[in-house]
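Presented below is the structure to which this report refers.
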């Protein structure tokens, strides 16, 4: 017996799960044959960090949805959801409330004639018209640690000036990174600038 889907992978957020569990309860061997998956396909073209959480279909009621998004939005990984196309604006409104400073990709009708991808920042994505139809996969980007982007340049420069008298550029950067949990690229650029000024 085979369970075949004409859209996506059966058994993932799919009623076929009931059949699977019944087979397992009765000791029937289940053999998967890989097929198209909107989860992996959309994630692969999102451009987001590929450590991700797949949730599936989000709750339809507002209260339950608010609870789920309040919890999930604290998770730093990229996140993938399924939503009904006709309610896309309902969900976009809630994404804007909870997913600040993150990006979103909306994938519609993947691998079909009307395939489309919409990319934007959560804060600026606009509502879609009422004719928006099809199967929709939402991918939200990872939560970035903005603290690492806040570099106290004066503090780094003062440390670098002292360390560069004894250590190489690489060792200086490593020593600073052991103390300061900041953006390595920025630290390297500052140290390189000081070293070049010293040599001129």
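Below is a table of values for the structure above.
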| quantity | calculated |
| --- | --- |
| Residues being within 23 Å of residue 93 (Cβ to Cβ) and over 11 Å from the mean Cα position of the chain (by Cα) - total across the range 43-64 | 10 |
| Qualifying residue in the range 15-37 (condition: touching a residue at least 60 places away in the same chain (Cβ under 8 Å) and touching a strand residue (DSSP E or B) at 6+ places or on another chain (Cβ under 7 Å)) | no |
| Some residue of the range 76-83 being outside the structural domain of residue 187 (by TED's automatic domain parsing), more than 15 Å from the chain's Cα centre (by Cα) and crowded, with 16+ Cβ neighbours inside 10 Å | yes |
| Flag for residue 90 being part of a strand (DSSP E or B), outside the structural domain of residue 178 (by TED's automatic domain parsing), out of contact with any helix residue (DSSP H, G or I) (no Cβ under 7 Å at 6 or more places or on another chain) and surrounded by 14 or more Cβ atoms within 10 Å (Cβ to Cβ) | no |
| Of all residues making up the range 14-43, the number that are surrounded by 13 or more Cβ atoms within 10 Å (Cβ to Cβ), assigned to a loop (DSSP other than H, G, I, E, B) and at pLDDT 90 or above | 0 |
| Some residue of the range 159-179 being under 30 Å from residue 99 (Cα atoms), surrounded by fewer than 11 Cβ atoms within 10 Å (Cβ to Cβ) and modelled with pLDDT under 85 | no |
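Residues are listed down the side, and each one gets a yes or a no for (1) within 25 Å of the chain's Cα centre (by Cα); (2) without any contact (Cβ under 8 Å) to a residue 40 or more places away in the chain:
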residue: 108; (1), (2): yes, yes
residue: 138; (1), (2): yes, no
residue: 155; (1), (2): no, yes
residue: 159; (1), (2): no, yes
residue: 176; (1), (2): no, yes
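The values are calculated or read from the model by the stated rules, or taken from the named source; none is laboratory data. Not measured: the values here are computed from a predicted model. Cβ sites come from the backbone with ideal geometry, for glycine too, and all protein chains shown count toward neighbours.
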